[in-house]
Amino acid sequence: MKKFSLIFLFTFMTFGLFSQEYVWSVYNIKVDRVNAGQVVSAMDNYLSQPGNLVDGVTVSLFEIMFASDDNEATHVIAFTGNPDAMNAMYSAGQNDQWQVMMSTFDQLTESKGSAAGRSIHTFNVEAEGPIQHILQLNVKEPEKYAPAFKKMWTTVKPDNRLTLGQFVSGRADGVSHYILVSNDDFKDLVTQRDWNAKEKAAWQSYRKERGDMEIVSTMTRGLVKQWK
């Protein structure tokens, strides 16, 4: 299983209707458990100050719950929003408060990679949960995969918020796309959905129409705190 750059997140409509999708960037960090609270405080001190969080950008801090042994990160910092808002964030200057936050990060954390990308299709955002399960994919025929995914989940209607997205930069070897599924709790994460006949038929059609693909890795992360 290949070492992966983690991902992530939110602004959509529900039950198969499509709204404006989003772009994202993530930073994977390793921090000792005893110092995790200081990282949260440093982020809160900066992001809670007026003017330090660009309107339209959501910042989320996740703790990694489950991952393969080759993952060295303990947390993920995710930035999400529309392209204009995200561009404004990356174009903004760095003030003294930013430097204070980064000083804390330099002392307490190790960088374990970063990535950027975009969502393609998002469903059922009203069922957003604090636990997110992510499958990283090697999609060989993206021109088939995205339409098949949209058709499948428009028919079935997912129980949870569901996103198909694409890596643009920072992806691991062999990874091109991802699927993100939100869950309410651990039971929701590990409980399998009961499929009726119509849904089983839609799933079989999806498998035939999506083209060649491979699941490269999976991981699960839990939300620690969010700023928006």
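Among the listed residues GLY165, GLY174, identify the single one that is exposed (fewer than 15 other Cβ atoms within 10 Å of the Cβ), under 21 Å from MET219 (Cα atoms) and within 20 Å of the chain's Cα centre (by Cα).
GLY174
Restricting to region 67-112, name every residue that is farther than 19 Å from TRP227 by Cβ, touching a Gly at 6+ places or on another chain (Cβ under 9 Å) and surrounded by 18 or more Cβ atoms within 10 Å (Cβ to Cβ).
ALA73
Quick one: which residue in VAL26, VAL31, VAL40 is surrounded by fewer than 18 Cβ atoms within 10 Å (Cβ to Cβ) and modelled with pLDDT of 95 or more?
Every option except VAL40 fails the conditions.
Pull up region 128-137, narrow it to residues that are in contact with an Asp or Glu (Cβ under 8 Å, 6 or more places away or on another chain) and crowded, with 18+ Cβ neighbours inside 10 Å, then point me to the one that is farthest from LYS187 (Cα to Cα).
LEU137
Exactly one of these conditions fails for THR58: (1) crowded, with 17+ Cβ neighbours inside 10 Å; (2) touching a helix residue (DSSP H, G or I) at 6+ places or on another chain (Cβ under 8 Å). Give me its number.
Status for THR58: all satisfied but (2).
The values are calculated or read from the model by the stated rules, or taken from the named source; none is laboratory data. Bear in mind the structure is a predicted one, so any value in this text is a computation, not a measurement. Cβ atoms come from the backbone with ideal geometry, glycine included; neighbour counts cover every protein chain shown.
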